[in-house]
1. Can you name the residue in the range 41-59 that is in contact with a Phe, Trp or Tyr (Cβ under 7 Å, 6 or more places away or on another chain) and crowded, with 17+ Cβ neighbours inside 10 Å and is also modelled with the lowest pLDDT among such residues?
2. Look at Arg46 and say whether it is farther than 19 Å from Ser112 by Cα and in contact with a Leu (Cβ under 9 Å, 6 or more places away or on another chain).
3. Six or more apart or on different chains, Cβ under 7 Å: which pairs go from a residue in the range 20-38 that's within 19 Å of Ser95 (Cα to Cα) to one that's open to solvent by 50 Å² or more (accessible area, probe 1.4 Å) and assigned to a loop (DSSP other than H, G, I, E, B)? Could you list them?
4. Looking at Ala92, Ala70, Ala61 in this structure, which one is of a type in the set (Gly, Ala, Ser) and touching a residue at least 12 places away in the same chain (Cβ under 8 Å)?
5. Just checking, how many residues over the range 93-123 are open to solvent by less than 30 Å² (accessible area, probe 1.4 Å) and assigned to a loop (DSSP other than H, G, I, E, B)?
6. Quick check on the range 19-40. Is at least one of its residues open to solvent by less than 60 Å² (accessible area, probe 1.4 Å) and of a type in the set (Val, Ile, Thr)?
7. Would you be able to say whether some residue in the range 1-15 is at pLDDT below 95, exposed (fewer than 13 other Cβ atoms within 10 Å of the Cβ) and more than 19 Å from Asn108 (Cα to Cα)?
8. Pick from the range 60-74 the residues that are of a type in the set (A, V, I, L, M) and within 19 Å of Ala15 (Cβ to Cβ): which of them is least open to solvent (accessible area, probe 1.4 Å)?
Amino acid sequence: MKLNVLFSIAAIIMALVAIAFLLVPATMQYGTLGANPSAAQLAVVRATASLFIAIALLDWAARNAEPSTARNAIVLANAVGFGTAAILLAIAIFSGADQIAWIPVVINLLISIAFIMAGRASMSA
């Protein structure tokens, strides 16, 4: 997969995740907040959306970047970020989170692998 396409896909996914964290924060926590989360808990979960928005913008801006050390760093950050998310979500499932969380585990893992493969193929010198 071409790196610019992968950056675009990652940006869109991160934007959608940000919107979901803003609109349905309890759902995005896969049942870990309990039946009646407090307003403070929901506010903290919604604040997470700012990170996803930032990553979406970074990936969108990097999609047409020429090979460089900076682009290499963005690729590495995406590979590590998506991979870490997959691992942490899997741990959450084994700790009692809803089984539906396997869907983002697989998506995050596939995107992480794609960034590793595309990044290696297009690294700058």
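The values are calculated or read from the model by the stated rules, or taken from the named source; none is laboratory data. For clarity, every value in this text was computed on a predicted model and none was experimentally measured. Backbone-built Cβ (ideal geometry, glycine too); neighbour counts: all protein chains shown. Heavy atoms of the whole protein, side chains included, go into the accessibility calculation; ligands, DNA and RNA do not. Shrake-Rupley method; radii C 1.70, N 1.55, O 1.52, S 1.80 Å.
1. Val45
2. On the way: farther than 19 Å from Ser112 by Cα: yes; in contact with a Leu (Cβ under 9 Å, 6 or more places away or on another chain): yes.
Considered against the rule, which asks whether it is farther than 19 Å from Ser112 by Cα and in contact with a Leu (Cβ under 9 Å, 6 or more places away or on another chain), Arg46 comes out as yes.
3. Tyr30/Asp98; Gly31/Asp98
4. Working: Ala70 fails: touching a residue at least 12 places away in the same chain (Cβ under 8 Å); Ala61 fails: touching a residue at least 12 places away in the same chain (Cβ under 8 Å).
After applying the criteria, what remains is Ala92.
5. 1
6. no
7. no
8. Per the stated criteria, the residue is Ala62.
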